[in-house]
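S.K.: Here it is, the structure, as structure tokens.
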Amino acid sequence: MQSLEMALLKGRALVGLAVFLLLNLVQVDGRIPTTLEGPFKPVTVDLDKSFRGNAIDLPDTDHRVQKNVVGFEPEQISVSLSSDYDSAWISWITGEFQIGDNIKPLNPKTVKNFLYYGKSNLFLNHKIKGDSLIYNQLYPFEGLQNYTSGIIHHVRLTGLEPNTEYYYRCGDPSIPAMSDIYQFRTMPASGPKNYPSRIAVMGDLGLTYNTTSTVSHLISNQPDLVLLVGDVSYANLYLTNGTGADCYSCSFPDTPIHETYQPRWDYWGRFMQPLVSKVPLMVVEGNHEIEEQVGNRTFAAYSSRFAFPSKESGSLSTFYFSFNAGGIHFIMLGAYIAYNKSADQYKWLKRDLAKVDRKVTPWLVATWHPPWYSTYVAHYREAECMRVEMEEILYKYGVDIVFNGHVHAYERSNRVYNYTLDPCGPVYIAVGDGGNREKMAIKHADEPGNCPDPSTTPDSYMGGFCAYNFTSGPAAGKFCWDRQPDYSAYRESSFGHGILEVKNETHALWTWHRNQDMYNEAGDQIYIVRQPERCPVEPKVSSSVEF
């Protein structure tokens, strides 16, 4: 049995005790603060230097990233959610990828993709067929190796019951090339009383030894759903010959195009399978998924390898979509596709928010990769133009929590809107500390000598520059503060992950876990409390209304 599977079994045995102790701590001692007590005085935890510089990638010889099936048997099996509890996606890959000068893409039609499922592992009485595809990563330069994937399969299950365990196996029975039997649990039905027990949140994960610690701790906390807020495999820290580096631009300044080593995606999928074949994974793109290739094509691996509830949520893109998990409505936004008010994404966002019924899904959670409210020098103010375009509508519709990655550290904000403390603003949480090879962010822009020149901060991919917003209004003269800003409640440089536990319509427990602690210890913990009577939001409109 693989190590992740063993950790999963161990977690099931221990999590009950851990949760019991935690809840009793809350009930008896009341030591966990709530946002009602805020805004809080900013806190910075000193850097634990013993954990700096340990982000080393798993080699391709590690048994956890090697292929352990034969022929066209399924591998890299994963579950993801559709727009609501009654449907879900199962994805897997069959066949060998190819990398080199003379690659010949596989024909997706040569292998069937059947999924057998049911509520008993002895009676998989439902059968469904899905779609298959391959993708290529091609470079028009001599000496660079091209890549073509194995056959990627996506099957959407429908008519599922809420909060129910389903068993499944996938593959082509005619070869035969079938998987083992796996199981997953559907989300609770959408409603104000129904919530997943634990939602894990992580960002900038990569495939390092720190990643293995993050995922092991996460499994021990037994999540029902996993959110990955961008930057997945870090395949783009490698040349096509498999040579990697902590800093691509530093080590390979003269490459004719930003190469990637696509097999790292396959390694990542194999490593993650013991978790994501059982627990649904929802991913939004980060900058490390751009992966430019011939013809200016980008995001090929990201858009091909994962299944997204785009069509189900009215989106035409893999970069932005929404879904429900019980009484929570999640909005996943794209920071690397047009986000201005005339763009398709903004128009979709406006339609999606207008249809949210807070009587059914009281909690509204938004996610995208680069943070708007971060005090670290790394990527400082980089997403300012996105904030300018989208912050008002998210505030107007009462978004409760925002999760981001990108900055390789942890930071939680006080409730904030337009750089002003606001009891009705969202709580912004950056968890870009999953364990990637680029290491942690440790410098703060408010420390002496660390403030970047505003000209160095534009969104390099979208081409935006909005630092002029600091010349007037609430943020005037505050491009950099001379102390930790009031909106920053807690920050710490450490690898880790977070767990969100929504308790009811108004209270959600957020816990951030550091890798160097026991999995059930809290590095940062707070109850996020909604105040719908104090903070009214835009009412739901009829779905027939056009914008």
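S.K.: Given the whole protein assembly as supplied and a 1.4 Å probe, what does the accessible area of Tyr261 come to in Å², nearest 10?
M.R.: 40 Å²
S.K.: If you don't mind, there's one more thing I want to ask. Using only the Cα atoms of segment 433-482, build the gyration tensor, take square roots of its eigenvalues as a ≥ b ≥ c, and label the shape rounded, prolate or oblate: rounded if a/c is under 1.5, else prolate if a/b is larger than b/c, else oblate.
M.R.: Oblate, since a/c reaches 1.5 and b/c is not below a/b.
S.K.: Next question, about the same structure. Which shape class applies to segment 55-178: rounded if a/c is under 1.5, otherwise prolate when a/b exceeds b/c and oblate if not, where a ≥ b ≥ c are the square roots of the Cα gyration tensor eigenvalues?
M.R.: Details: a/c = 2.06, a/b = 1.86, b/c = 1.11.
Since a/c reaches 1.5 and a/b is larger than b/c, the shape of segment 55-178 is classed as prolate.
S.K.: Using a 1.4 angstrom probe with every protein chain in place, what is the largest-first accessible-area order of Trp89, Trp372?
M.R.: Trp89, Trp372
S.K.: Leaving ligands, DNA and RNA out of it, report the carbon-plus-sulfur percent of the accessible area of segment 189-312 at a 1.4 Å probe.
M.R.: After summing per-atom areas, the C and S share lands at 46 percent.
S.K.: Taking 0.36 nm per residue of sequence separation and subtracting the Cα-Cα distance, how much length would be gained by fully extending the chain between Ile290 and Gln66, in nm to one decimal?
M.R.: Extending this stretch completely gives an extra 78.1 nm.
S.K.: Here's another thing I want to ask about it. As a check on your grasp of the helix formula, calculate [θ] at 222 nm for the chain: sum -39500 (n - 2.57) over DSSP H runs of n ≥ 4, divide by the residue count, round to the nearest 500.
M.R.: Here the helix-only value at 222 nm equals -5000 deg cm²/dmol.
S.K.: Now for a different question. Would you pull out the residues with amide H under 5 Å of Ala177's amide H, same chain only if 5 or more places away, H placed 1.01 Å from N?
M.R.: Asp172
S.K.: So, one more: If R₀ is 25 angstrom, what is the calculated FRET efficiency for the pair Lys540 and Lys503, using the beta carbon separation as r and rounding to 0.05?
M.R.: 0.60
S.K.: Cross-link list Lys350/Lys439; Lys311/Lys540; Lys278/Lys396; Lys49/Lys478; Lys396/Lys439: which exceed 25 angstrom alpha carbon to alpha carbon?
M.R.: Where the Cα-Cα span goes over 25 Å, the pairs concerned are Lys350/Lys439; Lys278/Lys396; Lys49/Lys478; Lys396/Lys439.
S.K.: Then there is this: Would you mind telling me the antiparallel percentage of the DSSP bridges in the chain, rounded to 5?
M.R.: The antiparallel fraction comes to roughly 75 percent.
S.K.: Now for a separate question. Tell me, what ³J(HN,Hα) does each residue in segment 499-512 have, in order and in whole Hz, if you take phi through Karplus 6.51 cos²θ - 1.76 cosθ + 1.60 with θ = phi - 60° and put x for Gly and Pro?
M.R.: 10, 9, 10, 7, 8, 6, 5, 10, 10, 9, 8, 10, 10, 9
S.K.: What order, most packed first, do the peptides 129-140, 222-233 have when packing is the mean number of other Cβ atoms within 10 Å of each residue?
M.R.: 222-233, 129-140
S.K.: Sticking with this structure for a sec: For segment 99-113, take each phi angle, set θ = phi - 60°, evaluate the Karplus expression 6.51 cos²θ - 1.76 cosθ + 1.60, and give the result in whole Hz per residue in order, putting x for glycine and proline.
M.R.: Using θ = phi - 60°, the values come out as 9, x, 7, 10, 9, 10, x, 5, 8, x, 7, 7, 10, 7, 10 Hz.
S.K.: Another question about this same structure. Which percent of the accessible heavy-atom area of segment 55-148 goes to carbon and sulfur, probe 1.4 angstrom?
M.R.: Solvent-exposed carbon and sulfur of segment 55-148 make up 51 percent of the total.
S.K.: Whole-Hz ³J(HN,Hα) for each residue in segment 397-414, computed from phi via Karplus 6.51 cos²θ - 1.76 cosθ + 1.60 with θ = phi - 60°, x for glycine and proline: what do you get?
M.R.: 9, x, 4, 8, 9, 10, 10, 9, x, 6, 8, 7, 6, 10, 7, 10, 9, 6
S.K.: I've got another one for you. Could you state how much accessible area Tyr182 has, in square angstrom rounded to the nearest 10, with a 1.4 Å probe and all protein chains kept in place?
M.R.: Accessible area, nearest 10 Å²: 30 Å².
S.K.: Ordering Lys119, Lys478 from largest to smallest accessible area (1.4 angstrom probe), what's the sequence?
M.R.: Ranking Lys119, Lys478 by accessible area, largest first, yields Lys119, Lys478.
S.K.: For segment 425-547, rounded, prolate or oblate, judged on the Cα gyration tensor with a ≥ b ≥ c (square roots of eigenvalues), a/c < 1.5 rounded, else prolate if a/b > b/c?
M.R.: oblate
S.K.: Calculate what fraction, in whole %, of the accessible area of segment 321-427 sits on carbon and sulfur atoms when a 1.4 Å probe is rolled over the protein chains.
M.R.: 50 percent
S.K.: How many Å² of accessible area per residue for the chain, probe 1.4 Å?
M.R.: I get 39 Å² per residue for the chain.
S.K.: Mind ranking Thr94, Thr298, Thr420 by accessible surface for me, highest first, 1.4 Å probe?
M.R.: Ranked list, largest accessible area first: Thr420, Thr298, Thr94.
S.K.: For Thr158, what accessible surface area do you get with a 1.4 Å probe? Give it in Å², rounded to 10.
M.R.: 70 Å²
The values are calculated or read from the model by the stated rules, or taken from the named source; none is laboratory data. On a predicted model such as this, the values are computed, not experimentally measured, just so you know. Neighbour counts run over all protein chains shown; Cβ positions are idealised from the backbone, glycine included. To get the accessible areas, we keep the full protein, side chains included, count just its heavy atoms, and leave off ligands, DNA and RNA. Shrake-Rupley method; radii C 1.70, N 1.55, O 1.52, S 1.80 Å.
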